[in-house]
Amino acid sequence: AVWVGEESLGRWTLLNVFYLLIMIPGSHLLRAWCRHGRWLSLPAKGFWQRGLAACLVVGFGVALVYWPLDKVVDAWQAAPSGRSEMVSVLDETWAPSVVFSALVNSLFLICWLLAYWSVHVWHHNQEIKLRHQALALEHKTAALARLQQQLNPHFLFNSLNSIKSLIIENPSIAR
């Protein structure tokens, strides 16, 4: 039933609170499943195959828990208002509504999984950039050390003395 006014707002608020109380643990379950299975270390194809299947499983689980709560809230809201008809907990439309709810839940979880995977990939790329910068710095430090080893003090002293004697003997050529 579609209600207008305060009843529908109260129902909507109550159901969203229930939804969040179910969906948040569902998303944590999905993340724990990803970590336990080390899915993030898999290639992207393997990660998404497992992730999409897990999103469907968790989405259906959330829908199966949420659907009866929806019916209980309908019955609870119908009784105090003086309505004579009580909402049947099992009616003929339960399967399509559960499937639709499961698909919507799965879609939310897929979006959440995409965000989780994107953050992981971004952090991984940042680590690679830092390693690359550290290796470049190490390479430059090694090249500088190699140049410093080539310029031993005796060679430097002899070169400076040669330049000094050239300046004293023939300043025009030294320029």
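Before moving on, here are some points about what is shown:
- Trp48 exposes around 50 Å² of accessible area when a 1.4 Å probe is run over every protein chain in place.
- Per-residue ³J(HN,Hα) for the range 37-53, Karplus 6.51 cos²θ - 1.76 cosθ + 1.60, θ = phi - 60°, Hz, x for Gly and Pro: x, 6, 5, 5, 8, 7, x, 4, 4, x, 4, 6, 4, 5, x, 5, 5
- Rounded to whole numbers, the Karplus 3J(HN,Hα) couplings from phi for the range 111-118 are 4, 5, 5, 4, 5, 4, 5, 4 Hz, using 6.51 cos²θ - 1.76 cosθ + 1.60 with θ = phi - 60°, and x at Gly and Pro.
- Cα shape, the range 95-168, gyration tensor, a/c 1.5 rule: prolate
- Listed residues Lys129, Lys45 arranged by accessible area, highest first, probe 1.4 Å: Lys45, Lys129
The values are calculated or read from the model by the stated rules, or taken from the named source; none is laboratory data. What you see is a predicted model; the values in this text were computed from it and never measured. Heads up: the accessible areas ignore ligands, DNA and RNA and are worked out on the full protein's heavy atoms, side chains in. Shrake-Rupley method; radii C 1.70, N 1.55, O 1.52, S 1.80 Å.
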